[in-house]
């Protein structure tokens, strides 16, 4: 199942603001992990992202540590803490800002949206940590963030969850389409090798697949993202995703 084990590319944006970019920007073709366009692990201290505009995609921002202020063109002004998720549907265009209240870490995921939804107006919504369901299993627990039975329903029908595995436990994630596992803590072993914190395992198959992973001696926590491909070529220009015809 697992096709690749990779590390993100560190990008320094400003003093106290840097990120690990796990996927290269799509430039005129179908994204390699369609419909996932981008996933960034962002560390913010004094600097964040002042008011800016997005269009042509939808975005999830998961706060892992610290507190983040989200404001937007509608007058919304909210503080998100660890476990909270900010959802943004950019559509025809939406202006917002993300600024650290304290030193913080967030995971940002961009997803392509179907061509027939690009003319919809943009909007944003906050989902607080208590909304999410945690499922207990033999190997640990699974927290559903986005998906068919989760609080957040993405337009592109992708799913996002956090898996926490016990030490030396075995699990078997499955997907139809693409899949990406990003290690937040600990390490896992697969037939293709070992992935450690800060690395990701990817699946690019268009068929239903499953693969075994074994947690290390300290257990592990990883973000699991899956989705059915839209097969629509796009180009990413700054904060905009443009459909290529």
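Each value in this text was obtained by applying a stated rule to the coordinates, not by laboratory testing. In this text, all values refer to a predicted model and were calculated from it rather than measured experimentally. Quick reminder, even Gly has a Cβ in these numbers, built from the backbone with ideal geometry, and neighbours come from all protein chains shown.
Laid out as a table, the results:
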quantity: Average Cα contact separation per residue, the chain, under 8 Å, 6 or more apart, as relative contact order %; calculated: 23
quantity: Gap separating the Cα centres of segment 82-151 and segment 161-199, nearest whole Å; calculated: 21
quantity: Value of relative contact order over segment 134-227, rounded to a whole percent, pairs C-alpha under 8 Å and six or more apart; calculated: 35
quantity: Residue of 198, 29, 91 that the Gaussian network model of the chain assigns the largest fluctuation, springs spanning Cα pairs under 10 Å; calculated: 29
quantity: Packing-based exposure ordering (other Cβ within 10 Å, fewest first) of 134, 71, 245; calculated: 245, 134, 71
quantity: Estimated FRET transfer efficiency (residue 11, residue 99; beta-carbon r; R0 22 Å; 0.05); calculated: 0.75
quantity: Fewest-first sequence of 102, 189, 26 by Cβ atoms within 10 Å of each Cβ; calculated: 102, 189, 26
quantity: Potential extension, residue 52-residue 228 segment - 0.36 nm per residue separation minus Cα distance; calculated: 60.4 nm
quantity: Taking 76, 118 and counting other C-beta atoms within 10 Å, the order from fewest to most; calculated: 76, 118
quantity: Stokes-Einstein D (µm²/s) once Rh is taken as the Kirkwood radius of segment 108-184 over alpha-carbon pairs, at 37 °C in 0.692 mPa s; calculated: 225
quantity: Relative compactness, segment 57-182, computed as alpha-carbon Rg over 2.2 N^0.38 Å; calculated: 1.13
quantity: Segment 134-227: radius of gyration over Cα atoms, expressed as a fraction of 2.2 N^0.38 Å; calculated: 1.02
quantity: Computed lengthening from residue 119 to residue 65, 0.36 nm per intervening residue step minus Cα-Cα distance; calculated: 16.0 nm
